[in-house]
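Here, each number is a calculation from the coordinates, and none is a lab measurement. Everything numeric here is computed off the predicted structure, so don't read it as measured data. Cβ coordinates were reconstructed from backbone atoms using ideal geometry, including for glycine residues, and neighbour counts include every protein chain displayed.
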Amino acid sequence: MDNKDKLRIEFERYFEQVKKEQQMIAEKYPPNPPNDVCYHALMSGILIENSFGPKVQDYIPFFYH
């Protein structure tokens, strides 16, 4: 077995390990919270558009506690 074959085998083992780790992370922390596992989400911003001419009494409660 030459060095090229050894490197190929080593890379395959490495990528298999990375794939397993990514699967474990995806199972523990599924994407797109909130979901069954995670009830919290991080919001990085909110865009509020008022071109429709709302009045002071017009509101929709977005965040419930």
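Quick one: angle between helix 3-28 and the longest Cα principal axis of the chain, in degrees between 0 and 90, rounded to 10, please.
30 degrees
Determine which aspartates and glutamates satisfy two conditions relative to residue 20: a Cα distance under 14 Å, and not lying fewer than 8 residues away in the same chain.
12
So how do 14-23, 42-51 stack up, highest first, on mean other-Cβ count within 10 Å?
Details: 14-23: 10.0, 42-51: 5.4.
Those peptides, ordered most packed to least, come out 14-23, 42-51.
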